[in-house]
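See structure below.
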Amino acid sequence: MLNNFKMARRFFLIIYIASFICGITYSQQLLPQPVIPGQWIKSWMLCGPIPLQIPVDASDSREDPTGFNTDYLLKAGGEKNPKIKAGDAVRYPKGSVKWKLFNSPDSIIDLDKAISQDDPVLAYAYSEVQAEETRIWFISLGTNDGGRLWVNGTNVWDNQQPRGLLIDDDLIPVLLNKGNNTLLLKIEERGNRWGFCVRFLPFSLNALDEKDGLLTITTGLDGEPKIVSGFSTPVLQQLIQSLDIEIVNHQKQPVLNEQRTTDFTGKINLKPGDYESYNASMDIHLKNGDKMHREVSFFAGKLIDYTLFSNRTSEYRIALSSQASESERWAASELQHWIKIMSGAELPVQDLEQQYTGNQIIVGYNDFVKGKTGAAAPAHQDESFRYCNSGPDILIYGGKMRGTMYGVMSFLENEFGCRWYTPSVSVIPQKKDFSFRWFDHSEKPGVRVRNDFYFEAFDPVWAARNKVNGSMNFRQQPGGVESYWAVHTFYPLMPPEEFYDKHPEYYSLIDGKRIYQEAQLCLTNPDVLGIITERIKNRMRESPEYLIYDVSQNDWHNPCQCEKCQAIVSREGSESGLIIWFVNQVAESIEKEFPDKFIGTLAYQYTRTAPKEIRPRNNVVVRLCSIECCFAHDFKSCPENSSFLTDLRNWSALAPHLYIWDYVVNFSHYIMPYPNFNVLQSNIQTFRENNSIGIMEQASYQGRGGEFSELRAYLISRLLWNPDCDVEKVINDFMYGYYGRSGKFIRQYFDLLHGRINPETHIHLGLSPDDKIFSDDFVSESCQLFEEAAKVADNEDILRRVEMASLPVLYLKCKRTPVLAKYDGTYAKFCTIADREGVLFYAEAGEPHRILFHKILESSK
Ligand SMILES: [Zn+2]
Ligand SMILES: [Zn+2]
């Protein structure tokens, strides 16, 4: 009995001890945690530290320089399928570590405490979670430092880099199966703190798609494109029913069209040849019935570097078809000239038909271009252009009139950095060699007629290079111009000396009397319409070189008060209604004979307000003038400009074509600082938005020497071509390209000047030297900046440009403080520079203004 008892006691003791041991063993094993949104996963099996080696430098060419990529769990199923038990050893080359359970009291698993404070090292962390159903979750990860994560054996995250721990730093979509799921994190320690935190958050496709997209396309160094995703394969399989993918090459020709119901990522079966761009259109049909659409542009194909020139030689020729236009031939000679200046290599200009074994730059559209690109022939007047390559050959083409020519100039500007800042200053970089892989660049004009009305912009070659195609009156220019014939033409077309005596009824009825002095025409008189129509037709036949022919009011008021005229005015609520009624009839009469021409008329002073209903015909251009506006602020932001903006919008609602006569200058003092640069882009954009086919930017047009005229002429040429161009970039490019090292100080002066503008400072065409935007401090600070600029001028030529730019500040000082300017040498300096540069127009008034200015300064005591 006793023995039995003893035995029984021993037995219970064994059971007790065993159960005790079992208990410990049990508590050292991981318990799968339920997946609850937002709840931290705190229970982990940990194993580490395993030493890493940080490579000495980036050139360390060993395949796995740090040892991070080594699978240390190979003996226990591998990282993709690990079988983990507390106490099991994991071996690394010079030692081993054991798995142990760690239940963190906190959201963060502090590996410095749980494992070690050594570095560089790595550790494994393993956990299991229990899901109630099969669905996609975000696994939210924060790590210090980087690492790699597997969920159910699928690698869902790989990000080796030093970083600090941030909660929810990565949100990775993962598919959890109903029941048990495994998590394995391999985490590196590069120094300082070491730890991680993990939780699950509800999955939202929208949040993720906005960030990265479900699927996208990338191309490896081998030139092979493939579909990739930020989502793991199990997640994609769970989400996507099917994928329709259509790919076109850069000529929009289809090259692939397929549907996938599995394998949504991976290689695309394109057969790319030479390196080129493609566009993929992907329709992703989701299992929940939603459809997602995605457009992706990518490059693929063999990367070949083609050498255009090297060491003063080139294998290329410039080739033109025998049908090339005059401007295309001119452009080819420009191309030849500037490439030679850049490289020392002279490319022969040849007929395309002539035998040639080397590579070529083709200038202009022709059968060769058609064969290579499949492009249709551009219209003669089409100014848009494209340059691209077909293997080693470079194709530059557009409309024959100016398109090709602009393409050549843009090719030189964009690809080589050539600049034609002024008629006499071109900045052309020197290049020993030039290679390319791929070009495909197209542009089209933002405004059809671009009239940059600066003296500096009238040089026909400069204008052609800088895409200025508009002119008042006609000028000979490569590619020709779109010119506007005349203004204020009522009397030039119907001179009172010819008609008034016999037909006073042709002229304005004013206070009961037909008069012609400072008056207009009686537009409802049918004879007036007949005579004007006949004469404008003759003008168009005699001078067919214009685009627009003017029929507009004289430059004063006094419109006709007769009953018939005023009936139309009152019906339309504006004198402009009568003018449009009249001009429409002229335009209708000329339309058949001159289908591509316009009749232009003014919306100016008493006709600035738009009519109520009558619409200008399609071949009528309304020339609206902004002369009354504030130019410190743009049309949209300044209350002083709101009536102009209303008129502009009303006209644009009625008129298919506007032509704007805008002002970018101070007429009273061309040569004085005028801070209106901030409005140029916005105002041109406003005109474009309102049906403007032409913009004339009236500036200092009579001679050199307007304030920043060179920069303004250059910037405006760019804005008229592309109203969305990067103005800051253009200004800085000019500052450093044209003024060299001095540009830094001139830019500072430019900013100082524009800093004088605030919401209360309005400026107009007649800004005066004593305006509140100026101060004596401003003048002395500006003079200081120009002195600094002069000190660092790279050479004599640049010094002259800097001095030219300083004239406005010297002028302002002379006007504000003549006595001081005379005695401290400012006036003498002004005279020296102005004489040397031949600056004669300080204001639109010209000579009288200049004489008065010098008289005042010379008599100052
Ligand atoms: Zn009348
Ligand atoms: Zn203003």
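The values are calculated or read from the model by the stated rules, or taken from the named source; none is laboratory data. If you're wondering where the values come from, they're calculated on a predicted model, not measured in any experiment. Because the Cβ atoms are built from the backbone with ideal geometry, glycine has one as well, and the counts that use them run over all protein chains shown.
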- the stretch 66-121 - residue that is assigned to a loop (DSSP other than H, G, I, E, B) and of a type in the set (S, T, Y) and, of those, surrounded by the most Cβ atoms within 10 Å (Cβ to Cβ): Y72
- Note on the structure: Log entry, pairs with first residue in the stretch 739-764 being farther than 15 Å from F708 by Cβ, second being outside any loop (DSSP other than H, G, I, E, B) and away from ligand 1 (no atom under 16 Å from the Cβ), beta carbons closer than 6 Å, six or more apart or on different chains, reads G740/I798; H762/E640
- Note on the structure: The one condition E575 fails out of (1) within 14 Å of ligand 1 (Cβ to nearest atom); (2) among the charged types (D, E, K, R); (3) touching a residue at least 40 places away in the same chain (Cβ under 8 Å) is (3)
- Quick one: K636 ticks every box in (1) away from ligand 2 (no atom under 16 Å from the Cβ); (2) surrounded by fewer than 20 Cβ atoms within 10 Å (Cβ to Cβ); (3) under 30 Å from the mean Cα position of the chain (by Cα) except a single one, so which number is it? (1)
- Only one of N469, N473, N538 that is loosely packed, with under 14 Cβ neighbours inside 10 Å, touching a residue at least 12 places away in the same chain (Cβ under 8 Å) and more than 16 Å from ligand 2 (Cβ to nearest atom): N473
- Message: Given the options P544, P559, name the one that is near ligand 1 (Cβ under 9 Å from one of its atoms) and either part of a loop (DSSP other than H, G, I, E, B) or at pLDDT 95 or above (or both).
- Response: P559
- Task: Working only within the stretch 125-150, note down all residues that are in contact with a Gly (Cβ under 6 Å, 6 or more places away or on another chain) and not in a strand (DSSP E or B).
- Result: none
- Task: Scan (1) among the aliphatic types (A, V, I, L, M); (2) surrounded by fewer than 24 Cβ atoms within 10 Å (Cβ to Cβ); (3) closer than 23 Å to A834 by Cβ; (4) free of Cβ contacts under 8 Å to residues at least 60 places away in the same chain for the single condition V664 breaks and write down its number.
- Result: (2)
- Go through the stretch 584-606 and give me each residue that's under 40 Å from the mean Cα position of the chain (by Cα) and within 16 Å of ligand 1 (Cβ to nearest atom). Y606
- Residues of the stretch 589-616 being more than 20 Å from E545 (Cα to Cα) and assigned to a helix (DSSP H, G or I), which ones? Q605, Y606, T607
- Message: For the structure I just gave you, tell me whether I318 is part of a helix (DSSP H, G or I), out of contact with any Cys (no Cβ under 8 Å at 6 or more places or on another chain) and β-branched (V, I, T).
- Response: no
- Message: Being modelled with pLDDT under 90 and either under 17 Å from I217 (Cβ atoms) or within 28 Å of the chain's Cα centre (by Cα) (or both) is the filter here; which residues of the stretch 269-283 pass it?
- Response: N269, L270, K271, P272, D274, Y275, E276, S277
- Task: List every residue pair whose Cβ atoms sit under 6 Å apart, with the two residues 6 or more apart in sequence or on different chains, where the first one lies in the stretch 496-515 and is touching a residue at least 12 places away in the same chain (Cβ under 8 Å) and under 17 Å from P526 (Cβ atoms) and the second, anywhere, is part of a strand (DSSP E or B) and away from ligand 1 (no atom under 13 Å from the Cβ).
- Result: none
- Going through the stretch 769-786 in order, the residues found to be loosely packed, with under 14 Cβ neighbours inside 10 Å, more than 16 Å from ligand 2 (Cβ to nearest atom) and either basic (K, R) or outside any helix (DSSP H, G or I) (or both) are D770, S775
- Message: Just to confirm my filter: which helices (runs of 4 or more DSSP H) fall fully inside the stretch 799-861 and include at least 3 residues that are under 42 Å from the mean Cα position of the chain (by Cα) and surrounded by 14 or more Cβ atoms within 10 Å (Cβ to Cβ)?
- Response: 826-837
- From the set of residues in the stretch 711-742 that are within 24 Å of the chain's Cα centre (by Cα) and farther than 22 Å from Q685 by Cα, which is farthest from ligand 1 (Cβ to nearest atom)? Y736
- Message: I need every pair where a residue in the stretch 289-310 that is touching a residue at least 40 places away in the same chain (Cβ under 8 Å) has its Cβ under 6 Å from the Cβ of a residue that is in a strand (DSSP E or B) and hydrophobic (A, V, I, L, M, F, W, C), sequence separation at least 6 or different chains.
- Response: M292/I284; R294/M282; V296/I217; V296/A280; F298/I217; Y306/F436; L308/F434; F309/F434
- Message: Tally up the residues in the stretch 749-768 that are surrounded by fewer than 18 Cβ atoms within 10 Å (Cβ to Cβ) and not β-branched (V, I, T), please.
- Response: 10
